[in-house]
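> First, the structure itself, so that you have it in front of you.
The values are calculated or read from the model by the stated rules, or taken from the named source; none is laboratory data. None of the values given here were measured: they were computed from a predicted structure. Quick reminder, even Gly has a Cβ in these numbers, built from the backbone with ideal geometry, and neighbours come from all protein chains shown. Remember, those area values only see protein heavy atoms, side chains included, never the ligands or the DNA or RNA. Shrake-Rupley method; radii C 1.70, N 1.55, O 1.52, S 1.80 Å.
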Amino acid sequence: MENIINQPDIINVKSPFQTWGGYASFFVPLNMENVDTDQIIPARFLKGTTRDGFGKNLFRDWRYDNNDETKPKPSFVLNQLQYSGSILVAGKNFGCGSSREHAAWALVDYGFTIVVSSFFADIFKNNALNNGLLPVVVSETFLQKIFEQKSDTQLIVDLKNQTIKIFQDAEAPSSEEFEETFEISSYKKECLLNGYDDIDYLLSIKNDIEQFEKQFA
Amino acid sequence: MKQTLFEKIWNKHIVKTIDDGPSVLYIDKHLIHEVTSPQAFAGIKKRGLKIFRPQQIVATADHNVPTINQHLPIKENLSKIQVDTLIKNCAENDIELYGLGHPYQGIVHVIGPELGITQPGITIVCGDSHTSTHGAFGAIAFGIGTSEVEMVFATQCLLQTKPKQMRINVNGALKKGVLSKDIVLYILSKISASGATGFAVEYAGSTIRNLSMEARMTVCNMSIEMGARCGLIAPDETTFNYVKGKKFAPKGEAWIKALKDWKQLFSDDDAVFDEEININAADIMPMITYGTNPGMGMGIDECIPLENVLNENEKPAFVKALKYMGLQAGNAIMGQKIDYVFIGSCTNSRIEDLRLVANFVKGKQKAKEVEVWIVPGSKQVEQQAIAEGIDKIFEAAGFQLRQPGCSACLGMNEDKIPAGKYCISTSNRNFEGRQGAGARTLLASPLTAAASAIKGYVASPNAT
């Protein structure tokens, strides 16, 4: 059976991770543990039948007062102008709770490409990977180190080499560099780098699946 | 080779394993509902594929449905579109749908077991995290995202990494007024909302053995709240007696063969667990949560912890949670005034839950200012409650018996708790805004919820 995943015309996910030297961006710090998917996108916004448009309701109830889009809460990080970038950094156990993939869709739709935490909930992690959103697991110490940074610090994520680096303004007097490696299954890494997904792979082994069914029955 | 219960089922369902990667896991049963399936159907269509094994899929409408006047068209337009989309998708793809008005309609995790779709030794998935419920039968059951729903539609398989193995042993007799909900809230309070992430959890020990099937489902249901991939309990006579005779349970020769296989489903004596936790049932009190994740729970007569017992990283979330809840660190929660009582959800909406509540409130009246909603898990539960006269007891107590659905557990339909109001709830999540924007949720067992409904404030089921 030919391997479908090598056919370029079925590429479904754009890959921003091919960038030479790694993906660099400012980051948005959300220093809070156990951020559940009900916060990322509340249930009342799950009524769509497509994957689009969830970004405007990302962190809806943390972002706005009384559910009013004209009243952003100044205390919430997405409303603080000094923070920008496509990397979200959050406390331990990010994405716990409901399995809603809408959480990953909302983050992607809002413009995030990478989420960094010391720990991700299982289902969220899969959902993220299935949508080209890279979950980077760092040590608790490294995570706290990121939270200590000023808003002009960038993070550089190199998926190929599986490293994440804190990159301060090189001209700053006391500039320091911190780097850590992160784990990702080599299969998932290939998927992200090449922009193919699990269905492409599973379809390519359909004969095996049918064979399995015959034996199992 | 010594194997855990999980490994026995897992190994039987592996089609193949990718080198240094995940395994291809075969899925026996796929349950779907209106909220997490439309994008998956659309994806299949877009790829020009057909549903691979439609006869292994069962659908219901539960998350978004009203719990009054279900015979009328759904008023909320977006909810109606989602439910109609499910009807259309099921019809186009030859998928069995127990939709609104059908005698089998109900919460997906209630109808699976009651119809005998859920059986020992099988793999079950659903685009809903509380799929862990079905593990109570000794099945591997877990929640998946919509992309994964699409994968199962396309190939009846998922790519999965084998989780680590954890066993939680609960031994001894439960104290008066303590239900299986209290067991799981107690475990959560000890190991936290992330304590089992990356693990499959097997519940064992004499206390678990002595639980009914429905009580076991409550425990497995909340495995996801610990972060576990799934929770499971080895099947035994209690399981077999429950499954026997159910609509889709094996019959005749097939039953005899199934039973023989199911009796092999237990962790071998010397199976290796990566982690093992022992709990003494006598330490468990009726439980209640005070915060905004299910791990923030305590015995109902205990006080909310003080901030200084926490480590630095935990403090921001703790402070935020108490502020949201309008509660003070160090204070008791017993006696806290409540506005709503919600008895329902895939955690506690089965006939036993309703019977327990009815038995407790018989001849009593709810507190005047409290609104009490009882939402049965399924049409069958509702009908059984009516047949047993439980509806009359609720009516006399001032409790509203509504129609089946997920309801105020997640407030997707109109059953929402208003901002700032306190709701004692038998559901599974006390997240901010879970029951409605600004709603304050206190998780508890059906008995504690019933006792509190009568008093109008948080009360122990053992208080007179």
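> Of the GluC sites (Glu not before Pro) in segment B:366-464, which ones lie in a loop per DSSP and count no more than 15 other C-beta atoms within 10 Å?
Of the GluC sites (Glu not before Pro), the ones in loops of segment B:366-464 whose Cβ has at most 15 other Cβ atoms within 10 Å are B:Glu369, B:Glu388, B:Glu414.
> For segment B:42-165, what class follows from the C-alpha gyration tensor (a ≥ b ≥ c being the square roots of its eigenvalues): rounded when a/c is under 1.5, otherwise prolate if a/b is larger than b/c, else oblate?
Oblate, since a/c reaches 1.5 and b/c is not below a/b.
> Between B:Asp19 and A:Ala217, what is the label-point separation in nm under the 7 Å Cα-to-beta-carbon projection?
Each label point is offset 7 Å from its Cα along the Cβ direction, giving 3.3 nm.
> Continuing with this model, one more query. How much mean residue ellipticity at 222 nm does the protein assembly as shown get from its helices, if each DSSP H run of length 4 or more adds -39500 (n - 2.57) and you divide by all residues, to the nearest 500 deg cm²/dmol?
-8500 deg cm²/dmol
> Would chain A count as rounded, prolate or oblate if I go by the C-alpha gyration tensor, calling it rounded below 1.5 in a/c and otherwise prolate when a/b exceeds b/c, oblate otherwise?
oblate
> How much accessible area is lost when chains B and A come together, counting both sides, with a 1.4 Å probe, in Å² rounded to the nearest 100?
Between B and A, the summed buried area is about 5000 Å².
> Using a cut-off of 12 Å between beta-carbons, work out the net charge of the residues near A:Gln162 (Lys and Arg +1, Asp and Glu -1, A:Gln162 not included).
Local charge sum for A:Gln162: 0.
> Give the carbon-plus-sulfur fraction of the accessible surface of segment B:76-135 in %, rounded to a whole number; probe 1.4 Å, heavy atoms of protein chains only.
After summing per-atom areas, the C and S share lands at 53 percent.
> Where is the GNM fluctuation largest for chain A (alpha-carbon springs, 10 angstrom cutoff): A:Asp197, A:Asp122, A:Asp109?
A:Asp122
> Okay, moving on. For the protein assembly as shown, what is the accessible area per residue in Å² when the probe is 1.4 Å?
About 38 Å² of surface per residue is accessible.
> Let me ask something additional. Residue by residue through B:310-316, how many Cβ atoms from other chains fall within 10 Å of the Cβ on average?
3
> Residue by residue through segment B:169-178, what is 3J(HN,Hα) from phi via Karplus (6.51 cos²θ - 1.76 cosθ + 1.60, θ = phi - 60°)? Round to whole Hz and write x for glycine and proline.
Result, ordered by residue: 9, 10, 10, x, 8, 7, 6, 4, x, 9 Hz.
> According to a simple spin-label model (label point 7 Å from Cα along Cα-to-Cβ), what is the distance in nm between B:Glu92 and A:Phe167?
That separation, rounded to one decimal, is 4.5 nm.
> Summing Lys, Arg as +1 and Asp, Glu as -1, what charge do residues with Cβ under 11 Å from the Cβ of B:Lys362 carry, B:Lys362 excluded?
+3
> Can you tell me the FRET efficiency between B:Leu306 and B:Asp236 if r is taken as the Cβ-Cβ distance and R0 is 35 Å, rounded to the nearest 0.05?
0.25
> Give the long-range amide H neighbours of B:Gly344: residues separated by 5 or more places, or on another chain, with amide H under 5 Å away, using H modelled in the peptide plane at 1.01 Å from N.
Amide H to amide H, under 5 Å and 5 or more residues apart or across chains, B:Gly344 pairs with B:Val375, B:Thr426, B:Ser427.
> Taking the Cα centre of chain A as origin, sum charge times position over the Cβ atoms of Lys and Arg (+1) and Asp and Glu (-1), and report the length of that vector in debye to the nearest 20.
540 debye
> Can I ask one more? So which of B:Lys45/B:Lys162; B:Lys181/B:Lys320; A:Lys125/A:Lys165; A:Lys47/B:Lys46 end up more than 28 Å apart by C-alpha?
Flagged as over cut-off: B:Lys45/B:Lys162.
> Rounded, prolate or oblate: which fits segment B:164-249, taking a ≥ b ≥ c as square roots of the Cα gyration tensor eigenvalues, rounded meaning a/c under 1.5, else prolate when a/b beats b/c?
Verdict is oblate for segment B:164-249.
> Oh, and also: Please list, by residue number, every one of the trypsin sites (Lys or Arg not before Pro) in segment B:114-185 that is coil in DSSP and has at most 16 other beta-carbon atoms within 10 Å.
B:Lys175, B:Lys176
> What do you get for trypsin sites (Lys or Arg not before Pro) in segment B:1-95 restricted to DSSP loop and a cutoff of at most 13 other Cβ within 10 Å of the site's Cβ?
In loop regions of segment B:1-95 (DSSP not H, G, I, E or B), the sparsely surrounded trypsin sites (Lys or Arg not before Pro) are B:Lys2, B:Lys50, B:Lys75.
> Name the residues of segment A:44-78 whose accessible area falls by at least 30 Å² when all protein chains are present instead of the chain alone, probe 1.4 Å?
At a threshold of 30 Å² (probe 1.4 Å), the residues of segment A:44-78 that become less exposed are A:Arg44, A:Leu46, A:Lys47, A:Thr49, A:Arg51, A:Trp62.
> How far is the Cα center of segment B:1-26 from the Cα center of segment A:87-119, in Å?
28 Å
> Here is a follow-up. What does the charge dipole of segment B:5-160 about its Cα centre add up to, to the nearest 20 debye, if the Cβ of each Lys and Arg holds +1 and the Cβ of each Asp and Glu holds -1?
280 debye
> Here's a follow-up. What is chain B's relative contact order, in percent, from Cα pairs under 8 angstrom and six or more apart in sequence?
17 percent
> Right, something else. Pick from A:Glu180, A:Glu148, A:Glu190: which is most flexible by mean-square fluctuation in a GNM of chain A where alpha carbon atoms under 10 Å apart are linked?
Between A:Glu180, A:Glu148, A:Glu190, it is A:Glu148 that shows the largest mean-square fluctuation.
> To continue, here is another question. Taking the Cα centre of the protein assembly as shown as origin, sum charge times position over the Cβ atoms of Lys and Arg (+1) and Asp and Glu (-1), and report the length of that vector in debye to the nearest 20.
Dipole magnitude for the protein assembly as shown comes out near 1940 debye.
> Among all helices in chain B defined by DSSP H, which have a length of 18 Å or more along the axis from Cα atoms plus a Kyte-Doolittle mean of at least -0.5?
Membrane-span-like by this criterion, though nothing is claimed about a membrane: B:77-93.
> Can you pull the percent of segment B:319-464's accessible area that's carbon plus sulfur, 1.4 Å probe, other chains left in place?
Carbon-and-sulfur percentage of accessible area, whole number: 51.
> Report the one residue of A:Phe94, A:Gln149, A:Gly53 whose Cα lies farthest in the direction of the positive end of the charge dipole of segment A:1-158 (charges on C-beta: Lys and Arg +1, Asp and Glu -1; origin at the Cα centre).
Checking the options against the dipole of segment A:1-158, the answer is A:Gly53.
> Sticking with this structure for a sec: Take B:Glu253 and A:Lys206, extend 7 Å from each Cα along the Cα→Cβ direction, and tell me the distance between the two endpoints in nm.
Output for this residue pair reads 3.3 nm.
> Continuing with this model, one more query. Which residues belonging to segment B:140-164 lose at least 50 Å² of 1.4 Å-probe accessible area when the assembly is complete, relative to their chain isolated?
SASA drop of 50 Å² or more in segment B:140-164: B:Ser147, B:Met151, B:Thr155, B:Leu159.
> Next question. Per-residue mean of other chain beta-carbon atoms within 10 angstrom of the beta-carbon, peptide B:9-15?
Average neighbour count from other chains, rounded to a whole number: 2.
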